[in-house]
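None of the figures in this text is laboratory data; all of them are computed from the coordinates on show. Predicted, not measured: the structure shown is a model, and the values here were computed from it. A quick note on method: Cβ atoms are made from the backbone with ideal geometry, for glycine too, and the neighbour counts reach across all protein chains shown.
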Amino acid sequence: RWVDAFDTELGADAVETCCVEEEDDGRFVSLAACATYALRESGRRDGKLWILSVEREVNNRSPFLKPLTCVDLPGILDIRWTRSRYNHIPMHGATPAVDDPPAVVCACSDGALYIATLSKDDSSPPKFNIHVRRIDGSSNSEKQQAQDRLVLSVDLSHNALDPLVHSDAPRSTKLCCSFSDGGVAVLDRETRRQLWQCADAHQLECWVAGFVDVEKESHDIVCSGGDDGVVQLWDTRLGSNASTAAIGCIRGAHEHVGVTSVLRARDRDDDHSLITGGYDDCVRVWDTRVLQSSSSRHVTRNRALVTSVNVGGGVWRMKRNPKRDSRDAILCACMYEGVKLILLGNESSAVSVREVVHYTAHDASLAYGIAWVSVCAEEEEDEERGHDDSVAAGKSENDEQQLALSCSFYGHALHLWRIPRKLSPQPQLD
């Protein structure tokens with residue numbers, strides 16, 4: 001059910017969430033970063049990064065979105081918080097603590113990455129500031145060409161394409177990004193040095209790339225998907241040549257149309273799945289063991305495919321429920337078809353996928369970004385006390401629902417809405 005909306009001014013195409021502890025009272029607050037993009041008549045690509053807080057429900061008032069600050073950047077195509085949880089927001093001008101301050105990595109239309117770090121002043125209420133640092137995603141020989149290419153996606157090594165799963169992950173410095181010319185690169189965000197690249201990873205735009213834990217916690221395996229319809233697995237330890245670094249490949253993974261989204265396996269040793277979404281309106285689940293076992297490094301689609309589901313619209317992004325003990329619930333931003341929630345399960349020893357929620361309030365306005373509202377410490381403590389205890393304590397039906405964020409491009413809107421805890425097949429929300 002729709003709860004609140006915010007006008008992002010420009011077309012909104014990405015949203016990510018995190019938790020931050022308030023220094024004064026130890027409360028945790030949920031922050032949202034929302035990215036926007038606009039192509040001007042002059043050919044210039046503009047963007048804006050918004051930082052908002054998701055204010056919790058108090059005194060029967062519904063949760064709502066509160067804008068904190070924003071910054072203008074080149075057009076933004078993708079974003080990631082550097083962590084899913086932060087200890088505090090530092091004071092403006094103060095020396096950063098040992099742990100990372102809240103920061104968002106932005107993939108931008110000028111061929112570079114930007115790190116936007118959040119701080120606040122000592123006024124009451126505090127004013128929030130963003131300090132921006134640019135990281136060039138290109139090697140020296142590519143800098144001239146970089147002006148004509150866009151960074152289309154970004155990922156951090158501990159995020160592994162699912163940024164809320166590893167809430168206790170150590171400090172990460174590896175970034176992976178993909179480009180409109182088909183290239184993929186891995187960089188160090190502290191030194192700004194390029195660690196690995198494959199300039200010809202895909203023949204067309206590489207819509208998505210990121211680290212996948214095929215080898216658990218190695219952060220050396222990268223998966224990419226492109227407009228050429230190919231899903232590729234890369235071992236960055238094997239050099240930058242496409243013929244040697246490729247360790248698995250599926251051609252025509254989505255009926256020979258573009259692969260737009262990739263989701264890593266669940267954080268379990270027995271999960272060998274890789275989930276992809278594409279312009280063919282399908283979510284597909286693949287077995288990475290088959291993907292890596294072929295001596296030719298090219299696997300036929302039917303051999304590696306475990307299952308699939310048609311969600312009715314191009315799958316631009318997917319986000320798994322961040323709770324470790326939750327059912328395998330995945331939110332899908334399905335472009336013209338709005339937002340879908342699907343469940344992955346095991347029935348009779350076979351993997352199944354089914355649609356359970358359809359959020360339609362974006363109408364036909366291109367739903368690009370999706371995020372679960374971060375589960376903060378206080379809420380986790382409530383969960384540990386048990387569902388029945390929460391009901392006994394007098395919590396309302398709304399407390400038994402989880403919050404989600406989604407954004408639409410043509411509607412230039414960020415929506416906050418509720419997901420029912422008890423999921424039955426295909427309830428439609430608007």
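Kindly state, to the nearest 0.05, the FRET efficiency for Glu55 paired with Ser352, given R0 = 51 Å and r defined as their beta-carbon distance.
Taking R0 as 51 Å, the efficiency between Glu55 and Ser352 is 0.85.
Per residue Cα convex hull volume for the range 183-252, in cubic angstrom?
Residue-normalised Cα hull volume stands at 84 Å³.
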